[in-house]
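Please read the structure below before turning to the comments.
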Amino acid sequence: MRVLVTGGAGFIGSSLVHALVGGGAEVTVVDDLSTGSMDNVHPAAAFRRLDILAPDLRGLVVEASPEVVVHLAAQVSVAASIADPGRDRLINVEGTRAVAEAAAASGARRVLLASSAAVYGEPAELPLRETSPTRPAVPYGSSKLAAESVLAEVLRPAAVDFAALRFSNVYGPRQRAEGEGGVVAEFASRMVTGVTPTIFGSGTQTRDFIFVADVVSAIVAAAEVEEALALPGPDGPAYNISTGRPTSVTMLAEGLRVALRYPGTIEHAEARAGDVEHSVLSPEKAAEHLGWRAAVDMQRGLGATGAWFTHQR
Ligand SMILES: NC(=O)c1ccc[n+]([C@@H]2O[C@H](COP(=O)([O-])OP(=O)(O)OC[C@H]3O[C@@H](n4cnc5c(N)ncnc54)[C@H](O)[C@@H]3O)[C@@H](O)[C@H]2O)c1
């Protein structure tokens with residue numbers, strides 16, 4: 001299979017490219033290295049350093065002639081989206097349009113977009129399902145929701161199949177503390193350097209943390225499945241990629257403490273305004289249509305993550 005991965009030098013993208021190459025795929029990576037790193041890129045992948053908004057994108061994608069395009073390149077920081085919503089929108093919405101148009105021009109069979117639990121905002125129900133109301137509370141969530149619409153707008157008329165994969169909080173090796181879901185990376189990098197980690201709020205707030213290898217296996221399943229993924233209806237092409245299990249921030253910090261044998265303390269500070277109290281996403285639709293389920297248990301995922309941060313030090 002020929003696959004083009006935007007953002008393939010980043011946290012999730014680099015793990016995906018390793019898995020695709022390992023499975024025998026021919027992979028092209030497009031990344032401007034704004035947050036990604038060349039060290040992350042598998043040597044067997046063709047690498048093109050390019051901004052997805054650059055006019056050269058279309059020619060490059062047409063030349064690579066991928067069967068599947070996985071669009072991961074994005075502005076990923078919630079804080080940066082609040083500080084500069086215009087830039088967030090440009091990269092995440094217009095960038096997605098450029099990638100979708102280039103994919104359609106290249107004759108790709110399917111486009112997979114990295115979307116996010118942030119499209120739901122404050123949950124109206126738990127667990128969140130793809131049919132739950134989408135009421136983003138931060139510009140990053142709005143731009144991901146708009147990117148989902150742009151995908152449909154460009155690809156439905158072009159008869160290209162597509163899906164928006166709504167990842168919950170992803171963690172694992174190569175994650176940076178600044179990105180979305182960066183709490184694991186933040187705690188791990190502090191614990192290995194002996195700096196006290198801080199939990200904002202009581203620590204009882206929960207998230208659906210998912211190990212990066214599980215997200216990668218979901219993307220691979222979505223790339224390979226034969227049936228169309230863009231089902232009719234507004235939520236038809238959306239798939240939660242999650243464990244369905246809530247983990248409190250305190251449980252997470254304690255799990256990392258065990259994995260890293262961190263002897264120090266963990267501090268508490270006041271809750272941050274706008275933080276959702278509980279979030280968990282049902283993965284049932286992905287299980288049914290992609291034949292996929294998250295398989296890595298939390299302590300094993302934290303162990304692998306901790307080992308990587310220790311090695312980096
Ligand atoms: N990490 C999470 O918990 C999480 C959760 C939900 C959704 N996502 C989404 O998954 C995707 C990957 O996120 P990640 O955590 O691996 O982040 P990341 O920052 O490690 O990866 C993003 C990659 O995209 C590249 N990039 C950014 N802007 C670009 C541009 N204009 N042109 C070309 N390349 C560009 C960066 O250099 C980087 O390599 C993103 O779309 C993100 O929104 C991540």
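The values are calculated or read from the model by the stated rules, or taken from the named source; none is laboratory data. Source: prediction; values computed, not measured. Here the Cβ is made from the backbone with ideal geometry for all residues, glycine too, and neighbour counts use every protein chain on show. Remember, those area values only see protein heavy atoms, side chains included, never the ligands or the DNA or RNA. Shrake-Rupley method; radii C 1.70, N 1.55, O 1.52, S 1.80 Å.
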- Message: From the phi angles alone, apply the Karplus equation (6.51, -1.76, 1.60; θ = phi - 60°) to the stretch 73-80 and give each ³J(HN,Hα) in whole Hz, x where the residue is Gly or Pro.
- Response: 4, 6, 7, 10, 8, 4, 4, 5
- Message: Which residue, 133, 105, 155, has the largest displacement toward the positive end of the dipole of the stretch 68-205 when charges sit on each Cβ (Lys, Arg +1; Asp, Glu -1)?
- Response: 105
- Note on the structure: Between the Cα axis of helix 298-312 and the main Cα principal axis of the chain, the angle (0 to 90°, nearest 10) is 90 degrees
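On the protein heavy atoms, probe 1.4 angstrom, tell me the percent of accessible surface of the stretch 96-177 carried by carbon and sulfur.
Carbon and sulfur: 51 percent of the exposed surface of the stretch 96-177.
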- Query: When the chain is treated as a GNM, springs tying every alpha-carbon pair under 10 Å, which of 240, 40, 169 comes out with the largest mean-square fluctuation?
  - Reply: 40
- Query: Between the helical axis of 95-106 and the dominant principal axis of the chain, each derived from Cα atoms, what acute angle in degrees is found, rounded to the nearest 10?
  - Reply: 40 degrees
- Task: Sum -39500 (n - 2.57) across every DSSP H segment of at least 4 residues in the chain, then divide by the residue count to get the 222 nm mean residue ellipticity, nearest 500.
- Result: -11500 deg cm²/dmol
- Query: Using Cα atoms only, what is the angle between the long axis of helix 249-260 and the major principal axis of the chain, expressed in degrees (0 to 90) to the nearest 10?
  - Reply: 80 degrees
- Note on the structure: Within the chain, the percent of DSSP beta bridges that are antiparallel, given to the nearest 5, stands at 5 percent
- Item | Derived scalar couplings ³J(HN,Hα) [the stretch 266-271; Karplus, 6.51 cos²θ - 1.76 cosθ + 1.60; whole Hz; x for Gly, Pro] | 10, 8, 10, 10, 4, 4
- Query: So, in nm, how far is label residue 258 from label residue 65 when the simple model puts each one 7 Å beyond its Cα toward the Cβ?
  - Reply: 5.2 nm
- Compare the Cα positions of 45, 57, 25 along the charge dipole of the stretch 1-66 (+1 at Cβ of Lys, Arg; -1 at Cβ of Asp, Glu; about the Cα centre) and return the one farthest towards the positive end. 25
- Query: Rounded to whole Å and sorted largest first, what semi-axes of the equivalent ellipsoid does the C-alpha gyration tensor of the chain yield via the square root of 5 times each eigenvalue?
  - Reply: 30, 21, 18
- Message: Suppose each label sits 7 Å from its Cα in the direction of the beta carbon; what would the residue 176-residue 82 distance come out to in nanometres?
- Response: 1.9 nm
- Message: In the stretch 217-239, whose amide N lies under 18 Å from the spot 7 Å out along Cα-to-Cβ of residue 125? List them in ranges.
- Response: 233-239
- Query: If amide H atoms are built 1.01 Å from N in the plane of the peptide, which residues on other chains or at least 5 residues away come under 5 Å of the amide H of residue 200?
  - Reply: 269
- Task: Give me the accessible area per residue for the stretch 38-185, probe 1.4 Å, as a whole number in Å².
- Result: 40 Å²
- Note down the nm distance, to one decimal, between modelled labels 7 Å out along Cα→Cβ at residue 313 and at residue 21. 2.9 nm
